[in-house]
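First up is the structure itself, then whatever we jot down about it.
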Amino acid sequence: MSYGILPYMTSIDDLKSIWNCKIQIGARDVRTQMEEKLGYQFLPRETSTDWLKRFNIEMKKNQGYPDFRSHVAMQDLFNGEITYSKSPWIYSYLLEGIVFNLSQDYFRKVAAEFKVEFPNIPLRTEDFKPTNDFLDYQYSRLLLKSCLKACHLPNSEWYPCDLSIINELPSSLPMPIPEADDFPFVSSIYHKDLRKVIQNINFDKFSLESKEQMNLWFNKADSEGRDLILFIY
């Protein structure tokens, strides 16, 4: 089995605000409640029920947990409780889904701002071929702002990866969910700590390409004023 790193730019404080926020899933659309109560978008444009259904299927079929109920696990986060205490890894996977959606909404925000500034540059790479150095620079800037594919940073050099990288990263969760016994491993790094963490990583065991790609993650999060969360599984 191969393990790899999925890196995301996000806001750790936004994630912390989800824990024990007292939103009720069954009352109204969760995304609307999150926007009203917490002041930011949280779930994709589709209904929250659809997203939770997909997560439910993933846990039941692909992760082998037939008794899992995604809405119960999500409500746990909103209530500041833990129902599946014997399977703590569930909450780490759920956390990644939340981080993905927050990253997705951040991408929409920066892409919309870029589109206002440069209305003639489309958002899809296959629709545009730069015609001069200035446009090439601006388009490169757009691609960098997009958090790239799937709303996480590029990870080709870290999937698969040498698991010894875990020893170089701080183990920290952005909310008080239980740590998984093994995987996913989660490393939450505040913006203010990015440079300190990357400077302390010993890259002797890893390739130059791996080092450059991880430096890209940290530099990008630093320049965007975002925190960085890494999931390894």
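Here are the numbers for this structure:
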item	result
Scope the range 214-230; condition within 12 Å of S103 (Cβ to Cβ), outside any helix (DSSP H, G or I) and not acidic (D, E); matching residues	R226, L228, I229
Close pairs (7 angstrom Cβ cut-off, 6 or more residues apart or separate chains): within 23 Å of Q75 (Cβ to Cβ) and at pLDDT 90 or above in the range 171-184, in a loop (DSSP other than H, G, I, E, B) and of a type in the set (S, T, Y) anywhere	P178/S85; P184/Y233
Residue that is exposed (fewer than 14 other Cβ atoms within 10 Å of the Cβ), modelled with pLDDT of 85 or more and in a helix (DSSP H, G or I), where the choices are S140, S164	S164
Failed criterion for N132 (all others in (1) modelled with pLDDT under 70; (2) surrounded by 12 or more Cβ atoms within 10 Å (Cβ to Cβ); (3) over 22 Å from the mean Cα position of the chain (by Cα) hold)	(2)
Filter result for K211 (among the basic types (K, R) and touching a helix residue (DSSP H, G or I) at 6+ places or on another chain (Cβ under 7 Å))	no
Sole residue being more than 30 Å from Q75 (Cβ to Cβ) and touching a strand residue (DSSP E or B) at 6+ places or on another chain (Cβ under 6 Å), chosen from I201, I166, I189	I166
Residue count, the range 189-213 (criterion: in a helix (DSSP H, G or I), among the hydrophobic types (A, V, I, L, M, F, W, C) and under 21 Å from the mean Cα position of the chain (by Cα))	3
Looking only at the range 57-79, and only at residues there that are charged (D, E, K, R) and outside any loop (DSSP other than H, G, I, E, B), the one that is modelled with the highest pLDDT	D76
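Here's the yes/no breakdown for (1) in a helix (DSSP H, G or I); (2) hydroxyl-bearing (S, T, Y); (3) surrounded by 14 or more Cβ atoms within 10 Å (Cβ to Cβ); (4) modelled with pLDDT of 70 or more:
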| position | (1), (2), (3), (4) |
| --- | --- |
| M9 | no, no, yes, yes |
| L15 | yes, no, yes, yes |
| Q24 | no, no, no, yes |
| Q41 | no, no, yes, no |
| D50 | yes, no, no, no |
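The values are calculated or read from the model by the stated rules, or taken from the named source; none is laboratory data. Everything numeric here is computed off the predicted structure, so don't read it as measured data. Don't worry about glycine lacking a Cβ; one is built from the backbone with ideal geometry, like all the others, and counts go over all protein chains shown.
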